[in-house]
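Everything on this sheet refers to the single structure shown next.
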Amino acid sequence: MQQGARHFLVINPNTTASMTRKIGEAARAVAGPETRITAINPTHGPAAIQGAADGDAALPGLLALVDATLSGDPGIDAVIIACFDDTGVWQLKSRCSVPVIGVGEAACHMASLLVERFSIVTTLSVSIPVLEDNLARNGLARRCAKVRASDVPVLDLEDAGSDARSKVTSEMSSALAADDIGAIVLGCAGMADLANELSEQFQVPVIDGVAAAIGLAEALPATARLGRCLALR
């Protein structure tokens, strides 16, 4: 890589390769010209992460993959966990020598910088308790008006023939009508390809966590790796 370039490891914690490709494309679309993106997923674990039980089931494969990849490539500058539930993020923050960013935390922090209040539109209602806990842990619970479920199974986002988009847009319409908000956060990394079109459609910021995480990772100073190494000693 060129001097000054960054290398980000973007991990989809589920095993669905088509979603990983979509996430990788979304990351590369917003990354700077000198930023290298490596998008991967575990080979063992749930095909989709929908709620706490799936998140727990994904952890062994995720942690093993991060450990193996970082030990094999010391040039990685940051790890981005591309699941809106921020699966494994807190465990990885405590054990990795590079910054670890979850797309959920990134999206919500970005929304809080843009507007006073925002809502999250996610997939299934089983994910709502996880996302509400994450908002509290990140200190953003009061900034989020509501976490809304669109009743879309995660893997329906990979099916062009499904009604996933119409369900997501319907829930967004309800949020804008009822929640007194200035922005909407898309609560699934599998929605990454919808953000720009939906921002145009609704004329409000629609925030994708993948893009937010890449932007925040690129904004980190070059000393971030050193700081993490010192903190973990």
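Bear in mind that the values in this text are calculations on the coordinates, not laboratory data. Since the structure is predicted, the reported quantities are computational estimates derived from the model, not experimental observations. Here the Cβ is made from the backbone with ideal geometry for all residues, glycine too, and neighbour counts use every protein chain on show.
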If amide H atoms are built 1.01 Å from N in the plane of the peptide, which residues on other chains or at least 5 residues away come under 5 Å of the amide H of Ala145? Phe118, Ser119
Partner lysines whose C-alpha sits under 23 Å from that of Lys167, ignoring same-chain residues fewer than 8 away, are Lys22, Lys146
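May I ask you to list, by number, the DSSP H helices of the chain whose Cα span along the axis is at least 27 Å and whose average Kyte-Doolittle hydropathy reaches -1.0 or more?
Values: long enough: 52-72 (30 Å, 0.91).
Once both thresholds are applied, what remains is 52-72.
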FRET efficiency (Ala177, Gln203; Cβ distance; R0 22 Å; to 0.05) is 0.95
Simple spin-label estimate for Arg137 and Val115 in nanometres, 7 Å along Cα-Cβ: 2.5
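Using unit Cβ charges (K, R positive; D, E negative) and no other charged atoms, how large, in debye to the nearest 20, is the dipole of the stretch 147-209 about its Cα centre? Spell out each step's value before the answer.
Details: 3 positive and 12 negative charges, 27 e Å.
Roughly 140 debye for the stretch 147-209.
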Compare the peptides 24-36, 173-185 by average per-residue count of other Cβ atoms within 10 angstrom and give them in order, highest first. 173-185, 24-36
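Could you size up the charge dipole of the chain around its Cα centre, putting +1 on the beta carbon of Lys and Arg and -1 on that of Asp and Glu, and report it in debye to the nearest 20?
780
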Extension gain, Ala29 back to His7 (0.36 nm per residue minus Cα-Cα distance, nm): 6.4 nm
Volume per residue, Å³, of the convex hull around the alpha-carbon atoms of the stretch 100-233? 119
So for the pair Ser94, Ala219, with labels modelled 7 Å out along Cα→Cβ, what separation do we get in nm? 2.7
Using the Cα centre of the stretch 22-98 as the reference point, and only Cβ charges (+1 on K/R, -1 on D/E), how large is the resulting charge dipole? Debye, rounded to the nearest 20. 100
For the chain, report the translational diffusion coefficient in µm²/s to the nearest whole number, using Stokes-Einstein at 10 °C, 1.306 mPa s, and a Kirkwood Rh over Cα pairs. 90
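Restricting to Cα atoms and excluding each atom paired with itself, what does the Kirkwood estimate give for the stretch 28-165 in Å? Walk me through the numbers before you get to the answer.
Details: mean 1/r = 0.0613 Å⁻¹.
Radius from the Kirkwood sum: 16.3 Å.
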Label points 7 Å out from Cα along the Cβ direction at Arg36 and Leu124: separation in nm? 3.8
Of the candidates Gln91, Leu62, Leu176, the farthest towards the positive dipole end of the chain (Lys/Arg Cβ +1, Asp/Glu Cβ -1, centred on the Cα centre) is Gln91
Around Ala47, which amide H atoms from residues at least 5 apart in sequence, or from another chain, sit under 5 Å from its own amide H, with H modelled in the peptide plane? Thr15
